[in-house]
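Only one structure is covered here, and it is reproduced in the block below.
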Amino acid sequence: MRTLPALLPILLMTPSLAITPDLAELERMSARFAPVELRVDTAALSAPDQQALAKLIVAAHYIDDLFLTQYWSGNHALWDKLGKDKTPLGKARLRYFWINKGPWSALDEHQAFLAGVPARKPLGANFYPEDMTKQQFEEWVATLSQEQKQEAEGFFTVIRRDGGRLHAVPFSKEYAKDLQRLSKLLHEAAALTTNASLKTFLNLRADAFLSNDYYASDVAWMDLDAPLDITIGPYETYNDELLGYKASYEAYINLRDDAESAKLQFFANHMQDIENNLPMDGKYRNPKIGGSSPIRVVNQIISAGDGAHGVQTAAYNLPNDERVVEQKGSKRVMLKNVQEAKFRTTLVPIARRVLPASAQGDLSFDSFFTHIVAHEMTHGIGPHHANARQEMKELYSAIEEAKADVTGLFMLQYMFDHKLLPGGADAERKLYTSYLASAFRTLRFGLHEAHGKGMALQFNYLREKGAFVTASDGTFAVDFSKIKAAVRDLDHDLLTLEATGDYAGAKAMLDRLGKLTPELESAIGKLRDIPTDIDPDSSHGERASWRTRV
Ligand code: ZN
């Protein structure tokens, strides 16, 4: 599962794509993805790992090839055609195709931006016959044995039609050529690296590409603990909008961030202390919080396939196979340099418009990122009233996301106050100012989803309490004499809602505060021309640039 790509930025959409965009329009659409260089220093890798890395980067390019096939049957022919057009319009088309990994614009509800292709991305991508309906699939599945049904609905098969009859084909057969190449590269990388857990994972995953059984390699991925942190395989099912069954191939070739990992461990060691001091009635406290899912902080060297189209992934939680999750849990991977690139290209310009000049110096990536980490950690504490999720139904996610944001602030303030982190006025100004600016980044994506709704709730609550104030020029600032108490009060209210599974209370709070006020709408309206996301791939779809190096 991913955090960011699920957000559909309604406010940032192109109104309509009835006509194929011309050069100016395409450039405007592409400009929503700011070109960035991802910063990562691989110099500290051992020589064998450097050699393994070279193999894995080639493997990532093959994942792009494979994903194009999965996304749409016409993708490879179209990519070839676009690559031959060297006019400015041709290049702009190729670049936007490559950002989206297909002819449909991810930020515009998957509408086509090229002529001669379906007007919208086929719901079932290339996992099913394009003309197959959901009903036809279900009628067919009803005729199958239990085992055949599992195959048909499984992550790792495509459905094809043969003489009018549907049948399931395993990925290992459908994509045999690509997967054999990938398998060979992963075995070669495994032979090079000296890290035992990476060697095991790569060998098992290489075998899985050919056997179509990913279980053992998913388990090995949970145990992976290596400077080269690799995620490669079929994972997310978002591109199967028809039935949500089929997994897309993606790759993240990352470098573990040891300094951040040490910080995480330090936080993990203090979570019981935070729990014991949360601003809520003592009877809701958990005397012994469970072990939380592992979190890794990494820097991305390259991403590919499903992990590199549309809005760039900033964090992911895998695997999705319930059998593995039951046995080993799941692991959260946070891509620090991707977050940093998004911060640089979207949050910094947002802050220039929403914060007063005097606060600009307090915008801090370290504070922003530390708060994201604290958010993830605090999902694991607070009252886990057995039925809170069931009782609060559709409201639970927005309340839980707000709770993680606010409890994250509470936790960091607690650590400042108890000298667990270097605190003081400077650290506090950076934390709350960066949090205020990032509220606008989240709200820009709309309120139809839990993070946006939860953020509107927080913003409006803190605004009412006078912890956020406005200036006559329309900018917003933090009142540092009020913010700490207001955060504490808000945290108390959110934690108590969850402790009591209070649906009516959550509804009243969200109805009153979970919306865009006119002042918020006007502030967000001024951010339209700021990039939505990043484009870290400088190849812009020119395939020769890597193929010649293989
Ligand atoms: Zn969250």
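Mind checking the per residue accessible area of region 137-268 for me, 1.4 Å probe, whole number of Å²?
Numbers: 5430 Å² over 132 residues.
On a per-residue basis, region 137-268 sits at 41 Å².
Could you state the angle between the C-alpha long axis of helix 503-513 and the longest principal axis of the C-alpha atoms of the chain, as a value from 0 to 90 degrees rounded to the nearest 10?
80 degrees
Taking R0 as 25 Å, what's the FRET efficiency between Asp213 and Thr133 from their Cβ-Cβ distance, rounded to 0.05?
Numbers: r = 30 Å, r/R0 = 1.21.
Taking R0 as 25 Å, the efficiency between Asp213 and Thr133 is 0.25.
To the nearest 0.05, how large is the calculated FRET efficiency for Glu109 and Lys507 if R₀ is 22 Å and r is the Cβ-Cβ distance?
Efficiency for this residue pair is about 0.15.
If R₀ is 35 angstrom, what is the calculated FRET efficiency for the pair Ala259 and Ser539, using the beta carbon separation as r and rounding to 0.05? The partial results should precede the final answer.
Values: r = 30 Å, r/R0 = 0.86.
The pair Ala259/Ser539 has a calculated efficiency of 0.70.
Quote to one decimal, in nm, the extra length available between Lys173 and Lys526 on full extension: 0.36 nm per residue of separation minus the C-alpha distance between them. Write down the numbers at each step before the final one.
Details: separation 353, 0.36 × 353 = 127.08 nm, distance 5.11 nm.
Net length gain for the segment: 122.0 nm.
Give the longest segment of the chain that steers clear of trypsin sites (Lys or Arg not before Pro) in DSSP loops with at most 14 neighbouring Cβ atoms within 10 Å, not counting the sites themselves. Kindly include the intermediate steps, with their values, before the conclusion.
Numbers: sites that count: Arg39, Lys86, Lys288, Lys419, Lys515, Lys526, Arg528, Arg549.
Longest site-free region, per DSSP loop and neighbour criteria: 87-287.
What whole-number distance in Å separates the alpha-carbon centres of region 358-384 and region 124-143?
44 Å
Give me log10 I(q)/I(0) at q = 0.16, 0.19, 0.20, 0.29 Å⁻¹ for region 180-236, Debye formula, one equal scatterer per alpha-carbon, no solvent.
Log-scaled intensity ratios, in q order: -0.40, -0.57, -0.63, -1.28.
Taking the Cβ of Leu192 as the centre, find all other residues whose Cβ is under 12 Å away and add up their charges (Lys, Arg: +1; Asp, Glu: -1). Intermediate values should be presented prior to the final figure.
Numbers: positive: Lys55, Lys199; negative: Asp49, Glu188.
Local net charge: 0.
What's the tally of Lys pairs in region 166-271 whose alpha-carbon atoms lie under 28 angstrom apart, where the two lysines are 8 or more places apart or on different chains?
Counting lysine pairs in region 166-271 gives 9.
Considering the Cα trace of region 22-106, what is its radius of gyration and what is Dmax, both in angstroms?
Final numbers for Rg and Dmax: 16.2, 48 Å.
Limiting things to C-alpha atoms, what are the Rg and the maximum Cα-Cα separation (Dmax) for the chain, in angstroms?
Using the Cα atoms of the chain, the pair Rg, Dmax is 24.0, 74 Å.
Going through the cross-link list Lys288/Lys331; Lys393/Lys515; Lys342/Lys430; Lys328/Lys453; Lys331/Lys484; Lys101/Lys328, which pairs have a Cα-Cα distance over 23 Å in this structure?
Values: Lys288/Lys331 21 Å; Lys393/Lys515 19 Å; Lys342/Lys430 18 Å; Lys328/Lys453 32 Å; Lys331/Lys484 32 Å; Lys101/Lys328 33 Å.
Beyond 23 Å between Cα atoms: Lys328/Lys453; Lys331/Lys484; Lys101/Lys328.
Quick one: with all protein chains in place, what share of the accessible area of the chain is carbon or sulfur, to the nearest percent (1.4 Å probe)? Walk me through the intermediate numbers first.
Working: 11860 of 22450 Å².
The nonpolar share, carbon plus sulfur, comes to 53 percent.
Take the Cα coordinates of region 281-323, assign each an equal point scatterer, and use the Debye formula without solvent to give log10 I(q)/I(0) at q = 0.16, 0.24, 0.33 Å⁻¹.
Values returned for q = 0.16, 0.24, 0.33 Å⁻¹ are -0.69, -1.02, -1.24.
So how much slack lies between Glu464 and Arg389, counting 0.36 nm per residue of separation and subtracting their Cα-Cα distance, in nm?
On the way: separation 75, 0.36 × 75 = 27.00 nm, distance 2.77 nm.
Extending this stretch completely gives an extra 24.2 nm.
What percent does the relative contact order of the chain come to when contacts are Cα pairs within less than 8 Å and at least six residues apart?
Details: 866 pairs, mean separation 105.5, N = 550.
About 19 percent, as a whole number.
At a temperature of 4 °C and a viscosity of 1.567 mPa s, determine how fast region 421-472 diffuses translationally according to Stokes-Einstein, using the Kirkwood radius over alpha-carbon pairs as Rh; express D in µm²/s, rounded to the nearest whole number.
Working: Rh = 12.1 Å.
Result for D is 107 µm²/s.
In degrees from 0 to 90, rounded to the nearest 10, what is the angle of the helix 483-500 Cα long axis to the longest principal axis of the chain?
Relative to the chain, helix 483-500 is tipped by roughly 60 degrees.
Compute the signed sum of charges (Lys and Arg +1, Asp and Glu -1) over the other residues within less than 12 Å, Cβ to Cβ, of Thr496.
Here the count lands on -4.
As a test, work out the antiparallel percent of DSSP beta bridges whose residues both lie in the chain, rounded to the nearest 5. Display every interim value, and only then the final one.
On the way: 31 of 38 bridges.
The antiparallel fraction comes to roughly 80 percent.
How big is D, in µm² s⁻¹, for region 305-354 by Stokes-Einstein at 10 °C and 1.306 mPa s if Rh is the Kirkwood radius over C-alpha pairs?
On the way: Rh = 13.1 Å.
Estimated diffusion coefficient is 122 µm²/s.
How charged is the neighbourhood of Ala439? Take every other residue with its Cβ under 11 Å from the Cβ of Ala439, and add Lys/Arg as +1 and Asp/Glu as -1.
Working: positive: Arg441, Arg444, Arg463; negative: Asp405.
Net local charge, Ala439 excluded: +2.
Hey, what angle do you get for helix 75-84 against the long axis of the chain, alpha-carbon based, 0 to 90 degrees rounded to 10?
90 degrees
What is the Cα radius of gyration of region 298-442 over 2.2 N^0.38 Å, N being its residue count? Could you put the intermediate results ahead of the total?
On the way: Rg = 17.2 Å, N = 145, 2.2 N^0.38 = 14.6 Å.
Compactness ratio reported: 1.18.
The values are calculated or read from the model by the stated rules, or taken from the named source; none is laboratory data. Please read all numbers here as calculations on a predicted model, not as lab measurements. Virtual Cβ from ideal backbone geometry, glycine too; neighbours counted across all protein chains shown. Each accessible area value is taken on the protein alone, full model and side chains, heavy atoms only, with ligands, DNA and RNA left out. Shrake-Rupley method; radii C 1.70, N 1.55, O 1.52, S 1.80 Å.
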